[in-house]
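The values are calculated or read from the model by the stated rules, or taken from the named source; none is laboratory data. Just so it is clear, the model here is predicted, and its values are computed rather than measured. Cβ: placed from backbone, ideal geometry, glycine included. Neighbour counts: every protein chain shown. Heads up: the accessible areas ignore ligands, DNA and RNA and are worked out on the full protein's heavy atoms, side chains in. Shrake-Rupley method; radii C 1.70, N 1.55, O 1.52, S 1.80 Å.
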Number of protein chains: 2
Amino acid sequence: MTNLLANLSISVNEKLYVKNPETSDLGKKIIEHSILLIHEIGFESFTFKKLGDKIQSNESSIYRYFENKHKLLLYLSSWYWSWIEYRLVFATTNVSDPMEKLAKAIEIVTEEIKDDLSITHINESILNKIIIGEFTKTFLTKEVDEENKEGYFLVYKSVVNRIILMIEEVNPDYKYAKTLASTLVQGALHQHYLKEHFKNITNLSESNCLADFYIDLIKKTVL
Amino acid sequence: MTNLLANLSISVNEKLYVKNPETSDLGKKIIEHSILLIHEIGFESFTFKKLGDKIQSNESSIYRYFENKHKLLLYLSSWYWSWIEYRLVFATTNVSDPMEKLAKAIEIVTEEIKDDLSITHINESILNKIIIGEFTKTFLTKEVDEENKEGYFLVYKSVVNRIILMIEEVNPDYKYAKTLASTLVQGALHQHYLKEHFKNITNLSESNCLADFYIDLIKKTVL
DNA sequence: AATAATTGATAGTATTACTATTATATTTGT
DNA sequence: ACAAATATAATAGTAATACTATCAATTATT
């Protein structure tokens with residue numbers, strides 16, 4: 001899996017960058033350290049100036065790759081969901097039993113990425129933490145509708161749509177496949193956040209895993 | 001209900017304001033128009049300067065009520081969840097059947113506030129829209145843990161805890177009452193957002209209500 | 001070696017998020 | 001009704017943010 005990805009590269013919607021960061025050392029450095037810096041100080045405090053200082057480069061150079069930090073976050077999110085989609089497809093192909101297939105998808109979408117699986121400049125474990133804490137901010141803006149039209153959220157929607165199809169495969173008569181799938185993907189991020197900051201309103205813990213909750217839920221509601 | 005509230009006032013954690021906005025005309029104007037202005041231009045673009053212009057008052061005067069716009073949003077959120085809690089308690093007391101009680105709670109938490117029910121300066125329908133679009137931003141910050149300790153999220157957690165208790169009343173052996181309750185409250189906001197901006201990944205629509213989805217889900221999983 | 005492209009350094013602008021000061025209303029206590 | 005207290009308005013000022021523009025210095029390409 002990890003080895004496979006070494007020779008596969010994830011491509012992101014071209015409208016999200018001015019210059020493709022994958023095409024240069026500086027670009028890769030921007031991606032690598034933006035993930036670390038956003039994780040360290042939070043998206044609100046993150047600025048291109050601070051990132052420039054971190055990578056011994058200049059603010060103005062970063063602007064040649066990304067219009068602004070919002071686009072950068074959209075880029076990172078898009079990369080993340082592409083990575084999830086790839087792993088989701090990989091884990092579910094050739095699984096003939098619909099429920100087993102759905103269960104595998106749930107595992108991919110709910111698991112916390114613990115180790116840095118990457119050989120690349122992208123630390124998926126930290127990126128996963130950023131997505132948990134910052135992803136909703138990419139679409140909770142006044143510009144959602146325009147940005148949605150531009151296709152900035154296509155990969156995310158694609159992940160949800162794949163799960164919708166799997167739910168329908170399990171039971172074509174279930175009335176709320178869409179709501180359930182989107183609840184699952186968004187809810188998983190939220191539960192991971194609660195686990196870190198609002199422990200007493202979640203059952204998630206070291207010993208209790210999220211996939212169990214969702215698989216139990218889906219077996220009872222959809223099947 | 002509406003009449004009852006006219007003589008009941010909701011009090012908000014004192015640490016969230018410098019001066020209680022309920023104690024003056026200017027304070028009430030700040031609350032009333034901050035709701036309208038945040039709805040109109042979004043929280044990111046909202047500033048105290050713009051609010052001052054809107055209410056023909058001065059930026060510096062608004063700073064005497066709230067430290068910054070983040071605290072203002074926390075204030076509005078706290079007010080909103082208190083209002084929800086009040087209605088939740090009101091709707092569920094004296095309902096003896098646990099499932100019926102839970103169903104009523106679900107209705108309160110999932111319904112979209114359509115009309116302005118208020119006689120006060122607070123437009124609950126628009127406030128509901130703000131909560132849908134901006135509430136998660138109050139806690140997705142680097143300061144969550146400190147602010148949580150200060151009690152800024154107490155009312156929200158109280159609403160979730162009431163639902164946890166109701167789930168446990170329905171079935172004390174259900175293993176994921178906390179996760180389910182927090183998923184419900186957060187998920188409801190999210191689904192309303194999807195309905196407005198990402199229609200094709202939700203079943204929510206004019207004809208399809210959210211409470212039905214959750215009541216179906218809870219009857220199948222908890223009962 | 002010449003040319004093109006990339007990056008770095010510096011400067012500059014408008015806006016934001018405040019704080020401080022002083023003037024002007026408005027309220028309240030006697 | 002008048003003085004004192006309090007609230008609000010107006011103005012100015014600061015540091016940081018979110019950029020844009022220009023030009024110099026590197027580095028890569030032909």
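Things worth noting here:
- Qualifying residue in the range A:74-84 (condition: within 10 Å of DNA strand C (Cβ to nearest atom) and under 15 Å from A:Ile122 (Cβ atoms)): no
- Contact map, the range A:38-58: first residue within 12 Å of A:Ile130 (Cβ to Cβ), second residue near DNA strand D (Cβ under 8 Å from one of its atoms), Cβ cut-off under 8 Å, separation 6 or more or different chains; pairs are A:Ile38/A:Phe46; A:Ile41/A:Lys50; A:Phe43/A:Lys69; A:Phe46/A:Lys69.
- Residue that is farther than 17 Å from A:Gly187 by Cα and open to solvent by less than 10 Å² (accessible area, probe 1.4 Å), where the choices are B:Val160, B:Val222: B:Val222
- Restricting the range A:203-215 to residues that are facing chain B (nearest Cβ under 7 Å) and open to solvent by 10 Å² or more (accessible area, probe 1.4 Å), the residue that is farthest from B:Lys142 (Cα to Cα): A:Asn203
- Filtered by the rule that a residue be in a helix (DSSP H, G or I) and without any contact (Cβ under 8 Å) to a residue 60 or more places away in the chain, the range B:202-212 gives a lone residue, B:Asp212.
- Check on A:Leu189, surrounded by 24 or more Cβ atoms within 10 Å (Cβ to Cβ), under 27 Å from B:Phe153 (Cβ atoms) and aliphatic (A, V, I, L, M): no
- Residue list for the range A:48-76, restricted to those being of a type in the set (S, T, N, Q) and within 14 Å of chain B (Cβ to nearest Cβ): A:Asn68
- Taking each residue of the range A:21-35 that is closer than 14 Å to A:Ser57 by Cα and within 16 Å of DNA strand D (Cβ to nearest atom) and looking for partners that are assigned to a helix (DSSP H, G or I) and among the polar types (S, T, N, Q) with beta-carbon atoms closer than 8 Å, six or more apart or interchain, yields A:Leu26/A:Ser61.
- Of the candidates A:Val95, A:Val89, the single residue that is free of Cβ contacts under 8 Å to residues at least 24 places away in the same chain and in contact with a helix residue (DSSP H, G or I) (Cβ under 8 Å, 6 or more places away or on another chain) is A:Val95.
- One residue alone among B:Ile35, B:Ile62 is of a type in the set (Val, Ile, Thr), out of contact with any strand residue (DSSP E or B) (no Cβ under 8 Å at 6 or more places or on another chain) and farther than 28 Å from B:Val159 by Cα, and that residue is B:Ile62.
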